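The values are calculated or read from the model by the stated rules, or taken from the named source; none is laboratory data. Please read these numbers as outputs of a predicted model, since none were measured by experiment. Glycine gets a Cβ as well: all are built from the backbone with ideal geometry, and neighbour counts include every protein chain shown.
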Amino acid sequence: MADVTELRCWPSCIDALDWSQDGIIALASDERVELLFPNTVTFDRDQDVAQWQHIPLQVPWFTNEELPTKEPAPLPNYSIGEEISSSAPIAIAWSPPGLAKHRRCALAALTANLVLSIWSADGKPKEGSSWDRRLIVNNALAEYFMSNATDESSHITPSLCEKMRLRTRIRAFAWAPALSNAVPLSTLGSRVSYGQHMVAVCNDDNQLALVVVDSPTSTYGTDRTWNAEVLTHVALTPDSESIFSQPSCFEDMMKQQKHISHVSWSPWLIRGDWYHSIIVYAINDDVRARVVTYSHDSVGLGDEVVYHNIEMRSSGPIKWSPTINDGVLTLALFSAAGLVYLKISSSDASIIEQTTHDLDGRWDPVTGAIWDTVQQLEPHLHFSSLLSTIQNPTVVLEATSTHLKTVDTPYWREQIQNSAVLFSAKNDLKGNTKMKVWGLATSPLGDFIATCHSVHPSDMIEYGSPNDRRGTVAVSALRRYRQIRQSFPARDVSAEGVIFTVKKLMENTVEDSDQLPAFVEEMVRKLVQTYGPVEVSVGSNEICSPTFDSDDLCVLVKEFKQTALLNSESLKDRYTVLASQACDSNSGNNLEKTLIAYRLATSLQGLPDTLCKTSFSTEIRAHHDHMISLIETLLALEDAEPEDAEDANKVVELELAASTVDKCDFCTAAIPFTGLKSASCTNGHQFPRCGLSFLAIQAPDITKYCGICSTPFLSEEFVMAQEMKDGPLSAEAHVKADEEMASQENITLVQVSVNGDEAEKVDDEIDDAVAEQERRKLPTTLARVLFLACDVCIYCGGKFVG
């Protein structure tokens, strides 16, 4: 796999790189955000396939509907970013998995006009047209502060209009990490529970707000649109020396405390039924922290704790270590004076231990920092600075029990140095080059690091058009491959992250194709050892066995996931399919897939018959019954004596002929159930079968596929349409939708006099309202439980595409 790709752009900000759990690298540049897919190839390495795929997102572009034109602000509240900026990205971050369609990650992008947008793909992440802006978080702030907090005073302006302007600007943000659990609740992307997706945002009026983001995926399809809601907010109290009601000179304006410059959210801990974490944020003269508590959609913020004498207004970043040791969190703050390394109590956010380390006297900003805690006795902190990364010796620090010490030069810095040498030789610069490093990011498993850098001449003025700009993203291993091969990290990971690491190991440690079977077996053994079966807690943190006696859809989905997806036999077969796909995409693994499907159908029999409330669910149950019958008949044939084989074959043929549970949409001929992958009617029309329902897929645009093994499945939209068509709610929903439309317009439909176009628009709005009512009142059915529980491919764990 190629480790380097070149882009026709320069990054637009520091910390410009982020790597999602789905395996997508995002890079912020002046005119767009580049999405990078480090593609992989099979062992023969003879395929003519692009090693990297690039997709540009036009993040700076806004329509008038998305962002109406604003009136110029008065001088005290004037912002160059909001007023005249080109809206270039100034910060990007991927959300935890589970928010976007097919349980993927969404991308948050903060632009220079102080607007925070949420982007996601509509099912096809490798197609640029599938990506779109789903939400603008500023609108949630405007709605919240207009209705709930208009009476709060401001140290900056007394005007209500200007207070609203300041409070809807976003200066910094941070995603809340995925909610942890007392016991592991995920296995290669098959999370039993995803929890709420929250983001902390800081505005221009010294306020910190916690916002929950929901999507159609996170709400199990009950909402058709994305939405954001402010859960709570807190206003910090500036020091008296930084309060200026009427700043009279430039010095006063620079001293004035107006906004939080950095914010970072720690990993979660569990205490009883409550989740605990810490939010740290930086203001002009110090750093402050608050304990965050969360349980069942209820969130609280503790008292403010001040970390004195740490100035980060023009510095940064702030990075939490992902590991927690006995309730103690680790925090790295890159201040103007150097690195501040803190051990913080998770109970009250107080400092337990503080260590400082000089950063070689560098004056340029730190542009990226990542923690390496995998297979390390002591955590390692890698960091880069904008101009002096290759000049200064310190780029990795090891945190021992007593102090911080410099570690040997890592390979990723050597890779950057080689790039500078190559640029100098190519342009005959005789070593007069200047290297800018824009960010660092780690792979989903934490064993590889991505760097972004650009090279420039240092003894002349660099001139050229924007088309001549070049930036480079490089991927390198954090340790030797034999060390990576020893084990996988015990953390929440996706199949996409695992397959990236397995492919890299195969390319760099397997020398001959004859060694592949042994390599696959080794990978499967280590995957089973690290990501074994999990126990599910339906209540708080109690381990329980599924009973399927609840009417709650979420509980049924969790219980069915445990029995159907997370049992030990299916996990081993799934890891075998995944490892085989990583090493040889042509491997069939028919036996493993058949056994997985058989266990799925057997688990489905445990669901109560009362869930078959629609004809679609009844049809799925019938197909699963026939699949079980087919497998059991074939097993009986396998065990039959040779003299009974002929009679057994006749029995099988008769049973297959009688197993007609579907008809061809083209000729109405019967479609016997003869296999799990494909279906064929008696007249020869062939169709693929859905990997979950085993129904024949007989129409276009109703299919999604596994992004790894390409198994076809019926799409969520088709399943929802079938359930809505069969449901008994249409009339009631239509009446309620009519009432809501009339109340919104404050008139009755009879009194409205409209022309033809307006009447058609009203009818469309009523139809949308009807669909929304039906969607919100959909009953809990077998089909919904099946497709919501199997939110990743049951055969390899890959996420869906389409």
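Assorted remarks:
- Of the residues in segment 368-377, not one is closer than 25 Å to THR232 by Cβ, part of a strand (DSSP E or B) and in contact (Cβ under 8 Å) with a residue 12 or more places away in the chain.
- Residue list for segment 277-333, restricted to those being under 25 Å from LEU386 (Cα atoms) and among the polar types (S, T, N, Q): ASN284, ASN309, SER314, SER315, SER321, THR330
- Taken over segment 712-723, residues that are out of contact with any strand residue (DSSP E or B) (no Cβ under 7 Å at 6 or more places or on another chain) and of a type outside the set (A, V, I, L, M, F, W, C) amount to 4.
- Scanning segment 460-470 for residues that are in a loop (DSSP other than H, G, I, E, B) and loosely packed, with under 10 Cβ neighbours inside 10 Å turns up MET460, ILE461, TYR463, GLY464, SER465.
- ALA369 falls short on exactly one of the conditions (1) under 19 Å from GLU311 (Cβ atoms); (2) within 27 Å of the chain's Cα centre (by Cα); (3) at pLDDT below 95, and that condition is (3).
- At least 1 residues being farther than 15 Å from PHE787 by Cβ and modelled with pLDDT of 90 or more is the threshold, and among the helices (runs of 4 or more DSSP H) wholly inside segment 553-632 those reaching it are 568-583, 590-604.
- Filter pass, SER248 being of a type in the set (Gly, Ala, Ser), out of contact with any Ser or Thr (no Cβ under 6 Å at 6 or more places or on another chain) and at pLDDT 90 or above: no
- Of all residues in segment 418-466, those satisfying the criterion of being touching a residue at least 12 places away in the same chain (Cβ under 8 Å), among the charged types (D, E, K, R) and touching a strand residue (DSSP E or B) at 6+ places or on another chain (Cβ under 8 Å) are LYS434, LYS436, ASP447.
- Test: GLU521 is surrounded by fewer than 16 Cβ atoms within 10 Å (Cβ to Cβ) and modelled with pLDDT of 90 or more: yes
- Check on VAL437, under 30 Å from ASN508 (Cβ atoms), modelled with pLDDT of 95 or more and surrounded by 14 or more Cβ atoms within 10 Å (Cβ to Cβ): yes
- If you go through segment 471-489 and keep only what is more than 18 Å from PHE37 (Cα to Cα), in contact (Cβ under 8 Å) with a residue 12 or more places away in the chain and not in a helix (DSSP H, G or I), you end up with LEU478, ARG479, ARG485, GLN486, SER487, PHE488, PRO489.
- Residues of segment 671-689 satisfying the condition of being surrounded by fewer than 16 Cβ atoms within 10 Å (Cβ to Cβ) and either in a strand (DSSP E or B) or not polar (S, T, N, Q) (or both): GLY675, LYS677, SER678, GLY684, GLN686
- Segment 694-721, residues that are among the charged types (D, E, K, R) and crowded, with 17+ Cβ neighbours inside 10 Å: LYS704, GLU716
- Among (1) farther than 26 Å from SER190 by Cβ; (2) in contact with a strand residue (DSSP E or B) (Cβ under 8 Å, 6 or more places away or on another chain); (3) modelled with pLDDT of 90 or more; (4) assigned to a loop (DSSP other than H, G, I, E, B) - the single one ALA699 does not satisfy: (2)
- Hey, ILE260 part of a loop (DSSP other than H, G, I, E, B), over 16 Å from ILE344 (Cβ atoms), modelled with pLDDT under 95 and among the hydrophobic types (A, V, I, L, M, F, W, C) or not: yes
- Evaluation of ARG413 against (1) under 30 Å from GLN354 (Cβ atoms); (2) part of a helix (DSSP H, G or I); (3) more than 34 Å from the chain's Cα centre (by Cα) (one fails), failing number: (3)
- Qualifying residue in segment 421-430 (condition: of a type in the set (A, V, I, L, M, F, W, C), closer than 16 Å to VAL4 by Cβ and within 29 Å of the chain's Cα centre (by Cα)): no
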